[in-house]
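What follows draws every value from the coordinates through simple rules; no lab data is involved. Keep in mind it's a predicted model, so treat the numbers as computed, not measured. Glycine also receives a Cβ, built like all others from the backbone with ideal geometry; neighbour counts cover every protein chain displayed.
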Amino acid sequence: MALFLSTYINKIDRKGRVSVPASFRAALAGQEFPGVIAYRALKLPAIDASGIDRLEELTDRLDALPEFSEEREALASILPDSQQLAFDSEGRIILPAALLDYAKITENAAFVGQGRTFQIWEPERFTRHQADMRERALVRGLTLPPRGAPPT
């Protein structure tokens, strides 16, 4: 599975094209779909993105929830919202207007590594969000569970 790290800020051209960072493209190489799957983040003013393998994994996890349950229906809302954004010959994608509007992205896009996924943010919003999250982690003393610990 792909691994996305670091933050890159790239300019969006007047046609809505933006270069996906080379390290992100390399992480996506060899997947069934040559591009990015993107959808509106459920809880943040950003675009969530990954390779097709991650969306297939999410679909499998959704299928494990009880059919017709409120939880499954609410979480499955990402599926009709998802866009397959193919790479062009220069490693760019076209971000749809609906996603750009949702994330309030205009001139530049911040590609933010999140491990198995990445997000696309308006750069100044991301800077504020990152500062808030780091402060929250510090104030609350948040830590990761020990390796191999069951999820809580």
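For the residues GLY141, GLY115, GLY35, a GNM of the chain with alpha-carbon springs under 10 Å puts the largest fluctuation on GLY141.
Annotation for ALA137 and ALA98: the two label points, set 7 Å from Cα along the Cα-Cβ direction, are 3.3 nm apart. Size descriptors for segment 7-140 (Cα atoms only): Rg and Dmax, in that order, 15.4, 46 Å.
When you restrict to C-alpha pairs under 8 Å that are six or more residues apart and normalise by the size of segment 1-77, the relative contact order lands at 20 percent.
Each residue, LYS43 and GLN130, gets one label point 7 Å from its Cα in the Cβ direction; the gap between the two is 2.0 nm. Cross-link reach is defined here as a Cα-Cα straight distance under 16 Å, omitting same-chain residues fewer than 8 places apart; for LYS43 the lysines meeting it are LYS104.
Karplus-based coupling profile of segment 76-81, in residue order and whole Hz: 6, 4, 6, 5, x, 7, with θ = phi - 60° in 6.51 cos²θ - 1.76 cosθ + 1.60 and x standing for Gly or Pro. Stretching the chain fully between PHE33 and SER69 yields a gain of 9.9 nm (0.36 nm per residue, less the alpha carbon separation). Here the contact order of the chain, divided by its residue count and restricted to Cα pairs under 8 Å and six or more residues apart, works out to 33 percent.
Overall form of segment 55-106: oblate. Here a/c, set by the Cα gyration tensor axes a ≥ b ≥ c, is 1.5 or more, and a/b is not larger than b/c.
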